[in-house]
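The structure appears right after this line, and notes come after that.
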Amino acid sequence: MNLKDVNVFLMVTQTQSLTQAAKRLNTTPMTVSRRLALLEDELGQRLLHRTTRAVALTAEGEEFLPYARAMLEAERGALNLLSPQKSGAAGNLRVTAPSGFARRTIMPLLPALLANNPELNVDLQFSDDIIDIVGQGFDIAIRIAPLRDSRLVARKLADNPRVLCASPDYIKQHGKPTQLTALSEHNCLRLSSVLQWTFITDGQPTSISVEGRFSSSNVEGVRALCIAGMGLAQLTEWDVREELINGELIAISLDDVQDQMLAVWALFPTSRHLPVRVITFLDVLKQAMQSINMSGAP
C-alpha cells in the first residue's frame, strides 16, 4: 500500500475538502482525487463520499481511518528510530478533554512537554461534549463521564467519584441535607446536560431529578456558583479537588445513598501501534495525576 496515498486520505479527512487537502500537500485537487481513487481501488472499498461541496467518510472509511493513522505513525516511528539526531515525541498530538480538567490538569503540563519534545505540536480541544474522536481525527480523548462507545480502547487513569458539595456559607445558612429526598428542599446547581443526579443504593445506581435556579453547559460555571454559596452541586472529585482541600467547598454525605464511583479515562481509536506522542503525553499526565493524589486527598 502506497503511504503517500494513505497520507492524502488522512489529509482529506482532516480538512474535509479536496481543495484544502491539495493546498496543504502542495499539490493539485486532481492529484489528490487520483491518489484517493488508487487507494480505494487497492482496498476494493469506497472510503469517501465526494460532492462538489463536501467530503464525508463512508462506513468503510471510518473503519480504515485508525489503521491509516497507525501506518503513518509506524513509518514516522521507524524514521525516528533510525535518525539518531531525532529524539522525543514528534508530530501533531490532538487531544480533547473536558474544559475544567483540560485547564486545571492538562494545561500546566504543556510547557514542559513541549520544551522536552521540540518536534511535537499539541492541539488541545476543550469540550464537555462527547466527541467522535475517530471521525474528527483525535489521538486521545480524556473523559470523566461513564463510557458509552464500545468501539474505542479505554485506559483508566484514576478513580473519580461523584461528589455532592456546597460552600461553608451555604451550609451555614441552609444546613446539610442528610437524605436523598431532602435535595428537593435545596437549590441544586447542575450541568445543563445532566437532568438527574446519580447515587448508589444497595450497589445499584439510583437517580433523582433536581431543580435549581442555575444550570450551565460548563463544569466551571457550576463550580463557581457553588463556591459563591448559591446552592448544592454534584460534580466529580477531579472537578473540585482543590476546593475540597482548601475548604472553599465541603463534601456532603447522605445517609441513605453512597457516591457513585466514576473514573478518569483515556480513550484511543485503536490499541495498535500507539504513537510515541500519545505514549509520551499519557506518561506525563499519569505521573502528574499520581503526584496530585499523593500531595493531598479531599
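Checking each residue in the range 16-26 for being without any contact (Cβ under 8 Å) to a residue 24 or more places away in the chain and surrounded by 16 or more Cβ atoms within 10 Å (Cβ to Cβ) picks out Q20, A21, A22, L25.
Checked against the criterion of being part of a loop (DSSP other than H, G, I, E, B), over 16 Å from the mean Cα position of the chain (by Cα) and basic (K, R), the range 229-242 has no qualifying residue. Out of the residues in the range 1-15 that are polar (S, T, N, Q) and either buried (at least 16 other Cβ atoms within 10 Å of the Cβ) or over 21 Å from G135 (Cα atoms) (or both), state the one that is farthest from the chain's Cα centre (by Cα). Filtering the range 1-15 for residues that are polar (S, T, N, Q) and either buried (at least 16 other Cβ atoms within 10 Å of the Cβ) or over 21 Å from G135 (Cα atoms) (or both), the one farthest from the chain's Cα centre (by Cα) comes out as N2. Go through the range 200-225 and give me each residue that's of a type in the set (D, E) and closer than 20 Å to D259 by Cα. Hits for the range 200-225 are D202, E211.
Could you tell me whether the range 41-50 includes any residue that is farther than 21 Å from P66 by Cβ and small (G, A, S)? Within the range 41-50, none of the residues are farther than 21 Å from P66 by Cβ and small (G, A, S). Tell me, please, whether a residue that is buried (at least 19 other Cβ atoms within 10 Å of the Cβ) and of a type in the set (K, R) can be found in the range 260-279. The answer is yes; a qualifying residue exists. Once the range 46-65 is narrowed to residues that are in contact (Cβ under 8 Å) with a residue 40 or more places away in the chain and surrounded by fewer than 19 Cβ atoms within 10 Å (Cβ to Cβ), the residue that is farthest from G137 (Cα to Cα) is A56.
For every residue, the table says whether it meets (1) under 30 Å from L274 (Cβ atoms); (2) outside the structural domain of I279 (by TED's automatic domain parsing); (3) aromatic (F, W, Y); (4) modelled with pLDDT of 90 or more.
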{"residue": "N121", "(1), (2), (3), (4)": "yes, no, no, yes"}
{"residue": "G135", "(1), (2), (3), (4)": "yes, no, no, no"}
{"residue": "I142", "(1), (2), (3), (4)": "yes, no, no, yes"}
{"residue": "Y170", "(1), (2), (3), (4)": "no, yes, yes, yes"}
{"residue": "P177", "(1), (2), (3), (4)": "no, yes, no, yes"}
{"residue": "R190", "(1), (2), (3), (4)": "no, yes, no, yes"}
{"residue": "F199", "(1), (2), (3), (4)": "no, yes, yes, yes"}
{"residue": "G212", "(1), (2), (3), (4)": "no, yes, no, yes"}
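The values are calculated or read from the model by the stated rules, or taken from the named source; none is laboratory data. Remember, it's a predicted structure, so these values are computed and weren't measured experimentally. Because the Cβ atoms are built from the backbone with ideal geometry, glycine has one as well, and the counts that use them run over all protein chains shown.
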